Amino acid sequence: MGEQLAFYALSALILGCAVIVITAPSAVYAILFLVLDFLFVAGLYVVLHAQFVAVIQVLVYAGGIVILYLFVVMLVNLKRPPEAQRDRRRRSRLGVALSAVVLVEFAAIALYGYVAPEAGPAGGGLSFSNVERVGWLLYTDYLVPFELASMLLLVAMIGAIVLARREL
Amino acid sequence: MIDLIVIPLLQIVFVLTGVLIVVMYLVLLERKIQAWVQVRFGPMRVGPHGILQPVADVLKLFVKEDITPVKADKWIYTAAPIIVLVPALIAFAVIPFGSSVSLFGKKISLAIADVNVGLLYIVAVASLGVYGIILGGWSSNSKYPLLASLRASAQLVSYEVAVTLTFVSVILSAGTLSMVGIVNAQYNSGVWFLFVQPVAFVIYMIGGLAETNRSPFDLPEAESELVGGFHTEYSGMRFALFFLAEYTNMIIVSSVATTLFFGGWLPPFPNLKALAFLYYVPSWIWFTLKTFLILYLFLWIRATLPRYRYDQLMRVGWKVLIPLALANIVVTGVVKVLLGR
């Protein structure tokens, strides 16, 4: 009961903040509500007993990535939207396409939820702590995607350094 | 009901009041120690040997005029000091101040919450404090605060990496992320992790100085270049909140160092039979003693070392501390595998 209440309250807050993010008049306010949104998502993870994911959510998204957004917005003065975004037709076409993609994704997830069997608790018994279970899964079942993702990040890092260096 | 709500609430009130009082007197301690280093007396007028100086300071800050610059962004200007202080305070939730005490027949743990991701929780919460600094500088709509806040946030983001990497090697040694678990691991291994991970401790302390904007890394508030730092435009209680946050962060860094490297609430050489009498001293006294020793180190360094230049700061962070911390992780992992534990 309490868990459900928390879940719905948090979901409402997440959606509310997300709406404010896209309607906020100033980019800095939008980013602040994005941070708040990420914090509520972390709260949702805590309700689902995924403390590790919650903490990583705060650390990586709220504490890392969005700070870089804030840097960009503060240093690049965004008083007026650029010309390309003021074209109404182009914006609405893009919006329709994006929302169609999201809708298809939602439908796929719902369909999968009906078809796929109920997933048991990962990693067997409850003797593992949260972190150990995540680590175990990453290095057994999801080893290849995990290593591929780390390679991708490494390439991105090197790419950023190469781009930032003036003389090479 | 009592276990679920009343006791945690009392713990929270107790810890918050304790922290605020410690912060008040930490400021006095800093002034006194700096004075003694420079062969002065320090504050002497309010109370005997200036012992009531913090009370006078707080009263002054309360009655000072609270100014908001006309061109400031009002909401963010108001929110920034709060955003700085709140993460600093809620990080105390997972710090174990002692093993446990018995009060009125109830066994009360001296950590408010023993979360199994305790150490990561502190890292995550600490990473949020940067927002207050950036926003405080930006919303003042004034050039010195903006420059200072950019410096501060670049510094915090850089040194966060090195500090978090030292945590990884400590976690490898302890085998757990829980703060209580890390202290217990030190009990089981018989020595403080200071002797197991000396390199990590040195990197952590340097990173801790930089993360709290303390001298010799106090570039964000370098008076001679930036007037007063990111809080130049703030006055009265809002300035006090920034000030409070800085000292609270110092206490956090010291208590985390105590927990990770100095055995938390354990007496020295916790497994030695000959030193078992040390257990008669309550655990929280050991914790407080160690934390204050590290705080003293902070103040001592401030009184001794001159300020770094900005390029030196960045070079030390990225080219020395981070590679060293990474090498330390690799060595820790290899040794752990070779020892077969």
| Any pair with Cβ under 7 angstrom, 6 or more apart, that starts in the stretch A:102-130 at a residue that is within 16 Å of A:His49 (Cβ to Cβ) and ends at one that is at pLDDT 70 or above and in a loop (DSSP other than H, G, I, E, B) | A:Ser129/B:Asn116; A:Asn130/A:Ala50; A:Asn130/B:Asn116; A:Asn130/B:Val117
| query | Picking from B:Phe201, B:Phe195, which residue would you name as being surrounded by fewer than 24 Cβ atoms within 10 Å (Cβ to Cβ) and free of Cβ contacts under 8 Å to residues at least 60 places away in the same chain? | reply | B:Phe195
| Would it be correct to say that A:Phe106 is in contact with a Leu (Cβ under 8 Å, 6 or more places away or on another chain) and modelled with pLDDT of 85 or more? | no
| task | Kindly indicate whether any position in the stretch A:73-84 is at pLDDT 80 or above, in a helix (DSSP H, G or I) and either loosely packed, with under 10 Cβ neighbours inside 10 Å or not charged (D, E, K, R) (or both). | result | yes
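If only one of B:Lys273, B:Lys290 is more than 23 Å from the chain's Cα centre (by Cα) and at negative phi, which one is it?
Exactly one residue qualifies, and that residue is B:Lys273.
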| request: Select from the stretch B:70-80 the residues that are surrounded by 16 or more Cβ atoms within 10 Å (Cβ to Cβ) and not aliphatic (A, V, I, L, M) and list them in ascending order. | output: B:Asp73, B:Tyr77
| query | Does the stretch B:136-151 contain at least one residue that is part of a loop (DSSP other than H, G, I, E, B), buried (at least 24 other Cβ atoms within 10 Å of the Cβ) and within 18 Å of the chain's Cα centre (by Cα)? | reply | no
| said: Just checking, does the stretch A:32-49 include any residue being more than 20 Å from B:Asn116 (Cβ to Cβ), without any contact (Cβ under 8 Å) to a residue 12 or more places away in the chain and not acidic (Asp, Glu)? | reply: yes
| task | Identify all residues within the stretch A:12-60 that are touching a helix residue (DSSP H, G or I) at 6+ places or on another chain (Cβ under 7 Å), among the polar types (S, T, N, Q) and more than 8 Å from chain B (Cβ to nearest Cβ); write none if there are none. | result | A:Gln57
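The values are calculated or read from the model by the stated rules, or taken from the named source; none is laboratory data. Owing to the predicted nature of the structure, the values given are computational and were not obtained by experimental measurement. Note that we place each Cβ from the backbone using ideal geometry, even for glycine, and neighbour counts take in every protein chain shown.
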